[in-house]
Structure formats: structure tokens, C-alpha cells
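Notes to accompany the following structure.
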Amino acid sequence: KIDQYKQQMVLKFLKKNGSFYLRQSKNENCENYDSLQFIENTFIVSLNSWQENNKNYSQSIYENITKATEKGIVVRESNNANDWLRYVDLYKESAIRWNKSSQSLYPDLLFEKIRQENLNTRKLWLAYYNDEAVYGCLVFYHKQTAYYWHGAGNEFALNHGVPSLLHDNIIRNLKTTG
């Protein structure tokens, strides 16, 4: 069992880094907590306790959301083939920044196959600046669970807090749609 102190430390880490997996309901296979669950090495934050007033975020995450919003970033989900191609381009651009070789990247065909999957099982979320996608996240859905699988973006997005705004929009969408 993970004690209360460790649970709080993990929540602090997740808030600081802005990365989490989202869950609407409890799972009997998990160690249950009010706001955090663990399955092997995966952290799951319950949306049941998620607050709408940004108290979930560290100051830097909140500042990033504000910065991106003031810059005019718009977030929406997309199933448009051209948007998926743009996301693959952002992935390749990110891979250069990550110093990954082209042989270690997911093939373009994988993203196309994911795009062809049922709309209820996956969503591509994109953040736009002046109508150009600058950051994206690929999220898989199963029952009451959303799994952030992949994210990529350009330097502009990273310098203007776009990932934080995008994640916040995904969470708010999950809260309203269940």
C-alpha cells in the first residue's frame, strides 16, 4: 500500500509536470484513493475530485494556461486527415528536438490506422495559433478512462504554455462529457 505522504508527493509531481492519466470512476483492480490510483507504474487521477477553479494546478501551470490563452491559442479535437498529417509533422519536428533517430519513430502508417479507428476510442486534440496546429495530443478512451498516449508540438507551443492549455481543455471536456 502507498501511504498518504507518498500519495501527496505523487500528486505534487503530477501537478508540477502537468502529466496525468484521467479516470472518472474507480476500478476494483486499483489501490483506491479519493484522488489518485496506481496500477503498476501508471498514475491515474480521478476526475471525481477535480476542481473547476484551477486549484489543481501549480502556479507555473496556471501561468502557462494564461499565457497561451492570451496568445490566442484555440484548442479543438479533429478527425480531419490534413490535421492528422500536420500532427505527424509536429511529431517528427519534436523527434528532432528529442534527438531521436528516424528509425526509432512510429511509422506514419500507425497514425493513419489510429485515425481510422472508431471515433469513440481515440481523439486527436490540437492547439492552433493563427489557424495552424502547433501542438497536439492523441488520447485513447475506454469506458470511463482516458489515456494520454502521445503528444508533440513545435518550439513556439512549448515557449507559450500551449501543452498546459491543451491538457486543461481535455480535462474540462472529460468533466463535461463524462
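Only a single item in (1) open to solvent by 70 Å² or more (accessible area, probe 1.4 Å); (2) on the phi > 0 side of the Ramachandran plot is not met by Gly161, and it is number (1). Per the listing Glu112, Glu132, Glu117, the residue uniquely within 19 Å of Val74 (Cβ to Cβ) and open to solvent by 40 Å² or more (accessible area, probe 1.4 Å) is Glu132. Taking every residue in the stretch 137-157 that is surrounded by fewer than 15 Cβ atoms within 10 Å (Cβ to Cβ) and pairing it with any residue that is of a type outside the set (Val, Ile, Thr) and part of a strand (DSSP E or B), at least 6 positions away or on another chain, the pairs with Cβ-Cβ distances below 6 Å are Trp149/Leu138; Trp149/Phe140. In this structure, does Arg86 turn out to be farther than 24 Å from Thr69 by Cα and surrounded by 19 or more Cβ atoms within 10 Å (Cβ to Cβ)? Judged against the criteria, Arg86 is not a match.
The values are calculated or read from the model by the stated rules, or taken from the named source; none is laboratory data. Note that the coordinates shown come from a computational prediction; the quantities given were computed from them, not determined experimentally. Here Cβ is always computed from backbone atoms with ideal geometry, including for glycine, and neighbour counts include all displayed protein chains. What goes into the accessible areas is simple: the full protein's heavy atoms, side chains included, and nothing from ligands, DNA or RNA. Shrake-Rupley method; radii C 1.70, N 1.55, O 1.52, S 1.80 Å.
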